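The values are calculated or read from the model by the stated rules, or taken from the named source; none is laboratory data. Because the structure is a prediction, the values reported are computed rather than measured. When we count neighbours, we look across all protein chains shown, and the Cβ atoms used for this are built from the backbone with ideal geometry, even at glycine.
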Amino acid sequence: AQSVTQPDIHITVSEGASLELRCNYSYGATPYLFWYVQSPGQGLQLLLKYFSGDTLVQGIKGFEAEFKRSQSSFNLRKPSVHWSDAAEYFCAVGAGTALIFGKGTTLSVSS
Amino acid sequence: GAVVSQHPSWVICKSGTSVKIECRSLDFQATTMFWYRQFPKQSLMLMATSNEGSKATYEQGVEKDKFLINHASLTLSTLTVTSAHPEDSSFYICSARPWGSSMNTEAFFGQGTRLTVV
């Protein structure tokens, strides 16, 4: 069965520091992978997605993610975090037509 | 990008009453819409897949008689929580994928509806 694991429930990063959010997936075929961000009480905004090709994917707001098939991972990175990046981050895998989400990682940014 | 509008953004209702939540794709047609439920500090759990002109497909454990889904047009799907109880209080989010698209096309999400049953 398809599943997504985000090992880190909560991460705190200093403003200006680098960030990496981990995501591992379980899927039998070639996965479609996504990262979404959610602000409190809001819907989801797509940061980036991977379907095929270059394993390093660039997204919005300076985010990038690297697909590593051998590790079944799709980690999200940002070289320098801004206070406005504080939010909930969800990794998702496409399963059929719907998305299966991980439990999310809450990012806090300290000054 | 495409816009999905969800209405209302929040609703408070009395226990035993029914509540309808609307999900509209504003600038594209969507043959398939998805309804998710999100508990506080939890992930999004897929409740059902709504197909235009046909019955919705519910995930295991979701009561179809309690969560009625109607997808009467290519731009509108509704979720009705019938005989709501406090345990139905949650954040409900819909998403839609443009007609004719496949999994490598972005799914667009509504802003969510906060339901509180008192």
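Check B:Glu52, B:Glu63, B:Glu59, B:Glu22 and return the single one that is charged (D, E, K, R) and out of contact with any Leu (no Cβ under 8 Å at 6 or more places or on another chain). Please lay out each step first, then the result.
Numbers: B:Glu52 fails: out of contact with any Leu (no Cβ under 8 Å at 6 or more places or on another chain); B:Glu59 fails: out of contact with any Leu (no Cβ under 8 Å at 6 or more places or on another chain); B:Glu22 fails: out of contact with any Leu (no Cβ under 8 Å at 6 or more places or on another chain).
It is B:Glu63.
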Legend entry - B:Lys41 vs. criteria over 26 Å from A:His10 (Cβ atoms), outside any strand (DSSP E or B) and of a type in the set (Lys, Arg): no
Inset, instruction - Please state which one of B:Thr116, B:Thr82 is within 13 Å of another protein chain (Cβ to nearest Cβ), surrounded by fewer than 17 Cβ atoms within 10 Å (Cβ to Cβ) and at pLDDT 95 or above. - result: B:Thr116
Inset, instruction - Only residues that are more than 7 Å from every other protein chain (Cβ to nearest Cβ), crowded, with 20+ Cβ neighbours inside 10 Å and closer than 20 Å to A:Leu19 by Cβ: list them for segment A:93-111, please. - result: A:Thr105, A:Leu107
Legend entry - Members of segment B:1-18 that are in a strand (DSSP E or B), more than 12 Å from B:Thr78 (Cβ to Cβ) and within 11 Å of another protein chain (Cβ to nearest Cβ): B:Val4, B:Ser5, B:Trp10
Inset, instruction - Could you tell me whether segment A:76-88 includes any residue that is in a helix (DSSP H, G or I) and of a type in the set (A, V, I, L, M, F, W, C)? - result: yes
Legend entry - Top-ranked residue of segment B:19-31 - restricted to ones that are touching a strand residue (DSSP E or B) at 6+ places or on another chain (Cβ under 6 Å) and either crowded, with 18+ Cβ neighbours inside 10 Å or assigned to a loop (DSSP other than H, G, I, E, B) (or both), ranked as modelled with the lowest pLDDT: B:Ala30
Inset, instruction - Go through segment B:44-60 residue by residue and tally those that are buried (at least 17 other Cβ atoms within 10 Å of the Cβ) and assigned to a loop (DSSP other than H, G, I, E, B). - result: 2
Inset, instruction - Output the residues belonging to segment B:67-77 that are farther than 18 Å from B:Ile93 by Cβ and in a loop (DSSP other than H, G, I, E, B). - result: B:Leu74
Legend entry - Yes/no for B:Thr80 being within 16 Å of A:Leu99 (Cα to Cα), in contact (Cβ under 8 Å) with a residue 60 or more places away in the chain and of a type in the set (Val, Ile, Thr): no
Inset, instruction - Output the residues belonging to segment B:27-47 that are of a type in the set (D, E, K, R) and at the interface with chain A (Cβ under 8 Å from one of its Cβ atoms). - result: B:Lys41
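Would you check if there is a residue in segment B:52-59 being among the basic types (Lys, Arg), more than 12 Å from chain A (Cβ to nearest Cβ) and closer than 25 Å to A:Ala92 by Cα?
Checking segment B:52-59: not a single residue is among the basic types (Lys, Arg), more than 12 Å from chain A (Cβ to nearest Cβ) and closer than 25 Å to A:Ala92 by Cα.
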Legend entry - From A:Thr12, A:Thr30, residue being loosely packed, with under 13 Cβ neighbours inside 10 Å and in a strand (DSSP E or B): A:Thr12
Inset, instruction - Report the residue count in segment A:40-53 for those that are within 10 Å of chain B (Cβ to nearest Cβ) and not in a strand (DSSP E or B). - result: 5
